[in-house]
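**Student:** Got a structure for you, written out below as structure tokens; questions coming shortly.
Coordinate-derived values only; no laboratory data. Not measured: the values here are computed from a predicted model. Cβ sites come from the backbone with ideal geometry, for glycine too, and all protein chains shown count toward neighbours.
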Amino acid sequence: MKRITVIFLGCPKNFVDTESLLAVLKQAGYTFVTEPERSDIALLTTCAFIRSARRETYEKIRELIKLKEKGKLKRILVFGCLVQQEKEKLLRRFPAVDHFVGLDYLPKVPEIIESQRRIIYEKNPSFLSFPRYRQTISYAYLKISEGCANFCSYCRIPFLRGNYRSRPMPEILREAEAIAKTGIKEVILVSQDSTLYGIDLYHSPKLHILLKKLAKIKGIEWLRLLYTHPAHIYSELLAVIRNEEKVLKYIDLPLQHISDKILSLMGRGYLRRDVEKVIDQLQSIPNMVIRTTFIIGFPNESERDFQELVDFIRKRRFDHIGCFLYSREKSTPAYYLSPSLPYKVKKERRKILLECQKKISAEKLRSLIGSEMAVMVDGMVDKGKYHYFGRTYRDAPEIDGLVFISGEDLAMAQIYPMRITSATAYDLFAERIMAPRGFEPRSQG
């Protein structure tokens, strides 16, 4: 029996690729082992988006090489975005790695493991989707497209994952129906730009149509939208978010900055006035939750630009914020911009922004104490009287906060009515209550 350890690094889109790799390997007869030292083969799925992600990948590769040198591993395979970016450089950097495999060759991985092929990739990836062996219990990611058409000045994703290409709608719906039949109630749509879905196949964005069709699938209660783009939000989509009960009043909307100067240098395709309009529209929807991300320390970001960003966050009071220090990436237009900001300055600015957001988040969560909300149970925890953890519609898995739940005999992946009893800056605490008359699992009030 062939034993293999599959190690995942990266974003939810990478996680979907990892589940596809597991399906391919399972079909080929591999047995999955959690600890690489008990395995014959280690397969590492990689991220190359920013320098810190590559550094994490390099460290993990070195760990696996040490195990191989001790005779605890026979082969090492590195898969994904890092191969698309670094290509033959990896052969020189890590001669002990047996195989480097690009994105398009995912279904060929079992054959490659048995071969002597050291590196294989396509310069312009064209893959879309493959069958998956799902590793989540209470939610499932659903990839609706691949690649990117935005070409922001700081980002190499279009070069790593290819041009934007939507999956055919019938294919997506079949996968969603299969997910629903497993008992999973939350489906999370992912893409490099979810709001562009359909632009290539149907000549105009069709995300609103896709959401309506997904909402008709029996068993799906929560539809969550990640990775939207401010320049591509449109009226029909806003109407579906507002009116369709199963579409959560939650949106992941990476803004990256708010200064017109910095947005122009980033090549984002919008200015502050455009952002303000979109946020006005979203925040007019009752109970709407907005997650966003910002890049701190972009070249030429002045103290004035940064203060504008802080003031904007205080004004708009977002529910969740992610902050990334600018990473200078070769072969991007931003690589040649100057002046660059010192790391110390970028780090201090991120600290200021996160402290600002922490106060906002704490105030928002305290305002929920005493309210009754639907909570998805994700797992068990040993935290005093709290034996379970889960999430409200306000929180995406892995990136947002948790709800710690007191109660007994709760089933995983089920949605229960809860009363919020207390809060920290990022997490809630709740107790199970009897379902009130008319309780709906999709309740977002």
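**Student:** Provide the percentage of antiparallel DSSP beta bridges, counting only those with both residues in the range 282-395; round to the nearest 5. Provide the component values of the computation, followed by the final result.
**Tutor:** Numbers: 5 of 11 bridges.
Expressed as a percentage, antiparallel bridges in the range 282-395 total about 45.
**Student:** Next question. Could you tell me whether the range 2-120 comes out rounded, prolate or oblate from its Cα gyration tensor? Rule is a ≥ b ≥ c as square roots of the eigenvalues, rounded for a/c under 1.5, then prolate if a/b exceeds b/c, otherwise oblate. Don't skip to the answer; put the middle values down first.
**Tutor:** Numbers: a/c = 1.33, a/b = 1.12, b/c = 1.19.
Since a/c stays below 1.5, the shape of the range 2-120 is classed as rounded.
**Student:** Add -39500 (n - 2.57) for each DSSP H run of 4 or more in the chain, then divide by its residues: what number comes out at 222 nm, to the nearest 500 deg cm²/dmol? If you can, show how the numbers build up before the last one.
**Tutor:** On the way: 13 runs with 144 residues, N = 445.
Calculated at 222 nm, the ellipticity per residue is -10000 deg cm²/dmol.
**Student:** Of all DSSP beta bridges in the range 139-366, what percent run antiparallel (nearest 5)?
**Tutor:** The answer is about 10 percent antiparallel.
**Student:** In whole angstrom, how far apart do the alpha carbon centroids of the range 132-159 and the range 314-374 sit?
**Tutor:** With the range 132-159 and the range 314-374 each reduced to a Cα centre, they are spaced 22 Å.
**Student:** Sort the range 372-432 into rounded, prolate or oblate with this rule: let a ≥ b ≥ c be the square roots of the eigenvalues of the Cα gyration tensor; rounded if a/c is under 1.5, and if a/c is not under 1.5, prolate when a/b is larger than b/c, oblate otherwise. Show your work: numbers first, answer last.
**Tutor:** Working: a/c = 1.27, a/b = 1.15, b/c = 1.11.
Here the range 372-432 falls in the rounded category.
**Student:** If you take every DSSP beta bridge whose two residues both sit in the chain, what share of them, in percent to the nearest 5, is antiparallel?
**Tutor:** Numbers: 21 of 65 bridges.
Looking only at bridges with both residues in the chain, the antiparallel portion is about 30 percent.
**Student:** Same structure again: Sorting Asp427, Asp193 on the 10 Å Cβ count, fewest up front, what's the list? Please list the in-between numbers first.
**Tutor:** Details: Asp427 16, Asp193 23.
Ascending Cβ contact count within 10 Å gives the list Asp427, Asp193.
**Student:** Find out how many positive minus negative residues lie around Gly219, taking Lys and Arg as positive, Asp and Glu as negative, among other residues whose Cβ is under 10 Å from that of Gly219.
**Tutor:** Once positives and negatives cancel, what remains is +1.
**Student:** Another question, then. Enter the Cα centre distance for the pair the range 103-121 and the range 190-211, rounded to the nearest angstrom.
**Tutor:** 31
**Student:** Cut-off is 10 Å between beta-carbons; in what order do Cys11, Cys148, Cys356 appear when sorted fewest neighbours first? Walk me through the numbers on the way to the answer.
**Tutor:** Details: Cys11 19, Cys148 24, Cys356 16.
Least crowded to most crowded, the residues run Cys356, Cys11, Cys148.
**Student:** Under a Cβ-Cβ cut-off of 15 Å, what is the net charge of the residues other than Pro230 that fall near it, where Lys and Arg count +1 and Asp and Glu count -1?
**Tutor:** On the way: positive: Arg268, Arg272, Arg273, Lys277, Arg291, Arg316; negative: Asp193, Asp252, Asp260, Asp274, Glu276, Asp280.
Result for the local shell: 0.
**Student:** Next up: Sorted from fewest to most neighbouring beta carbons within 10 Å, what does the list Thr46, Thr57 look like?
**Tutor:** Values: Thr46 28, Thr57 23.
By the 10 Å Cβ count, ascending: Thr57, Thr46.
**Student:** Could you sort out which of Lys212/Lys383; Lys358/Lys383; Lys68/Lys108 sit more than 28 Å apart by Cα distance in this structure? It would help to have the intermediate numbers written out before the result.
**Tutor:** Numbers: Lys212/Lys383 39 Å; Lys358/Lys383 23 Å; Lys68/Lys108 23 Å.
Lys212/Lys383, as the Cα separations exceed 28 Å there.
**Student:** Considering the Cα positions of the chain, please state its Rg to one decimal place and its Dmax as a whole number of Å.
**Tutor:** According to the Cα coordinates of the chain, Rg and Dmax are 22.4, 66 Å.
**Student:** Follow-up question, since we're still on this one. Once the piece of chain linking Lys212 and Tyr343 is laid out straight, how much longer is it, given 0.36 nm per residue of separation minus the C-alpha distance between them? Mind showing how you got there, number by number?
**Tutor:** Numbers: separation 131, 0.36 × 131 = 47.16 nm, distance 4.54 nm.
Fully extending the segment from Lys212 to Tyr343 adds 42.6 nm.
**Student:** Which of rounded, prolate, oblate describes the range 113-268, given a ≥ b ≥ c as roots of the alpha-carbon gyration tensor eigenvalues and a/c under 1.5 marking rounded, otherwise prolate only if a/b is larger than b/c?
**Tutor:** On the way: a/c = 1.89, a/b = 1.06, b/c = 1.79.
Oblate shape, in that a/c is at least 1.5 and b/c is the bigger or equal ratio.
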